[in-house]
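None of the figures in this text is laboratory data; all of them are computed from the coordinates on show. Small disclaimer: the values here were computed from a predicted structure and weren't measured. FYI the Cβ positions are ideal-geometry reconstructions off the backbone, even for glycines, and counts take in every protein chain you see.
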Amino acid sequence: MKNKLLNFYQNNKLFCYIFILSMILHIIALISLGFNYNINSDDVRYLESGIILAKKGILSLYGTKTVQIMPGLPIFIAIIYTIFKSKFITIITIKIMYFLFSLISLSYLYKIIKNYANTTISALTCLFFLTLDYIWQDNLILTETPFIMCFILLIYNSLKLVKEPKIINYIGLIIFYILALYLRPIIAPYPLIYLIYLLIKKINFKTIIKTFSISLIIVSLSLLPWVIRNYQVYHKFIPLTVSTGNPMFWGTYQGFGYPSDTELDYNEVYTKMDKELYDYTVNGIVKDDNLINYYDQLKDNMMAKYRIQKWWEKDKISFLFSYLIYKPGIMLFSSFYWDNILFIPKIFNIVIHFIEFIAFLISLFLILKTKTHLKDTIYLFLIYIYMLYSSSLGLAFSRYAIPTYFLRIIIIGIGINIIMNSKNKLKS
């Protein structure tokens with residue numbers, strides 16, 4: 001073991017220093033912010049949800065049963081709380097584990113980039129992953145930190161399975177897809193993008209069909225307890241969540257030319273609500289407290305669709321510009337960072353993400369020009385575009401942008417390697 005660590009250090013010295021730097025930044029953030037630090041937002045609600053799940057066996061949000069969130073993070077919190085029986089120790093344990101998750105993410109991001117570049121380039125590229133918004137975010141009990149870890153490990157195993165079609169890589173792919181899915185439903189269509197990648201790589205079609213069939217069965221079985229629970233509570237088939245209503249509604253107030261509230265006759269949508277949601281209410285009041293959160297999501301969804309319809313009817317150009325350019329543009333180099341670490345302001349992160357984005361575009365150009373690792377880049381780019389647009393279709397928000405940046409970082413690693421190889425050729 002000692003010899004393995006020594007060999008790793010000797011072969012990956014620069015990355016080891018960056019790894020230590022990440023540890024130091026996380027420790028500084030943890031000490032300066034404090035273990036009890038929160039932003040009194042979804043992080044507090046997730047913690048409460050997990051503790052209630054541990055005590056009562058009920059997945060809830062805002063004090064009522066919910067299908068607005070996936071159960072992955074509340075289950076994780078509930079397990080820790082069940083072990084320690086203390087809210088404070090649970091918080092400390094989660095934040096330490098998030099610290100470890102971030103280090104795992106950094107390590108596997110490095111391993112992915114090493115498929116395309118040498119150790120120096122791979123390590124230096126990973127510096128983009130050390131912006132302080134990542135460090136700050138790791139101090140919040142939100143889905144982002146474990147989701148990013150699962151997402152990176154999913155990409156790592158997906159790429160490795162094509163290169164080395166071994167059962168261990170397939171198991172890793174399935175496990176991290178399921179874990180990511182239990183954290184955030186946005187990852188659900190990932191197999192379709194992976195299918196495109198396998199076809200581009202000219203993997204045997206029969207093998208693809210066989211593998212996907214087995215995978216579908218495994219994933220379906222893993223979701224079965226969640227689907228059964230949802231049917232028992234809501235009497236509906238809900239495989240993932242009913243969570244798009246609220247962000248979709250607020251997203252109709254982003255962009256240019258959207259209809260103002262004074263322009264719209266909401267009585268039209270209220271009448272539709274009364275008809276379609278009649279079974280949930282008695283005299284206008286939700287008849288079961290456990291359905292309040294679900295009912296609110298359905299209402300927000302109907303309001304969002306109404307505003308989208310009226311916006312489209314009013315000004316198609318501004319609608320298309322807002323949804324195809326403006327809202328995704330918000331997420332290109334935004335920073336989820338509400339409190340400073342080491343007195344460094346948010347603008348510092350935004351500048352770094354802007355530089356990263358420019359480097360990403362240059363790398364894409366170089367890859368297209370030289371055809372270097374083009375198939376893998378298409379795969380990574382498709383995932384990035386899907387994540388960017390699916391996140392911004394609702395409420396375009398910096399928090400939802402953070403899990404997409406590592407895909408750009410991998411492509412930057414490929415681009416830098418192309419530049420360095422070209423320089424070496426010129427010298428020789």
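Numbers at a glance
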quantity: Set of lysines near LYS55 by C-alpha distance (under 16 Å), chain-local residues within fewer than 8 positions excluded; calculated: LYS65, LYS85, LYS87
quantity: Given charges at beta-carbon only (K, R positive; D, E negative), |dipole| of the chain in Debye; calculated: 2040 debye
quantity: Relative contact order computed over the stretch 2-427 (Cα-Cα under 8 Å; 6+ residues apart), in percent; calculated: 20 percent
quantity: Sparse-neighbour loop sites [trypsin sites (Lys or Arg not before Pro); the stretch 43-152; at most 12 other C-beta within 10 Å; DSSP]; calculated: LYS85
quantity: Dipole in debye (nearest 20) - the stretch 85-162, about Cα centre, beta carbon charges: Lys, Arg +1; Asp, Glu -1; calculated: 260 debye
quantity: Overall dimensions of the stretch 275-342 by Cα: Rg and Dmax, Å; calculated: 18.6, 55
quantity: Cα-based Rg and Dmax for the stretch 292-421, where Dmax is the largest Cα-Cα distance (Å); calculated: 18.2, 60
quantity: Potential lengthening between LYS202 and ILE175 on full extension [0.36 nm per residue; Cα-Cα distance subtracted]; calculated: 7.3 nm
quantity: For the chain, built as a Gaussian network whose Cα springs stay under 10 Å, the top-fluctuating residue of GLU356, GLU268, GLU144; calculated: GLU268
quantity: Estimated [θ] at 222 nm from DSSP helical runs (n ≥ 4, -39500 (n - 2.57)) normalised by residues in the chain, nearest 500; calculated: -23000 deg cm²/dmol
quantity: Cut-off 14 Å between beta-carbons: net charge of the residues surrounding TYR156, Lys and Arg +1, Asp and Glu -1; calculated: +3
quantity: Span-rule helices in the chain, defined as complete DSSP H runs reaching 27 Å or more along the axis (Cα) with Kyte mean at least -0.5; calculated: 13-33, 87-113, 144-163, 205-234, 346-370, 405-427
quantity: Loop-exposed chymotrypsin sites (Phe, Trp or Tyr not before Pro) per DSSP, neighbour cap 10 Cβ within 10 angstrom, longest uninterrupted part of the chain; calculated: 1-236
quantity: Loop-located trypsin sites (Lys or Arg not before Pro) in the stretch 247-350 whose Cβ has at most 15 other Cβ within 10 Å (DSSP); calculated: LYS287
quantity: Cleavage-rule hits (trypsin sites (Lys or Arg not before Pro)) in the stretch 138-167: DSSP loop, at most 12 neighbouring Cβ within 10 angstrom; calculated: LYS166
quantity: Lysines whose Cα lies under 19 Å from that of LYS316, excluding same-chain neighbours fewer than 8 positions away; calculated: LYS305, LYS327
quantity: Compactness index (Cα Rg / 2.2 N^0.38 Å), the chain; calculated: 1.05
quantity: Environment charge at LYS314 (Cβ cut-off 14 Å; Lys +1, Arg +1, Asp -1, Glu -1); calculated: -2
quantity: Neighbour net charge for ALA54 - beta-carbon separation under 12 angstrom, K R +1, D E -1; calculated: +3
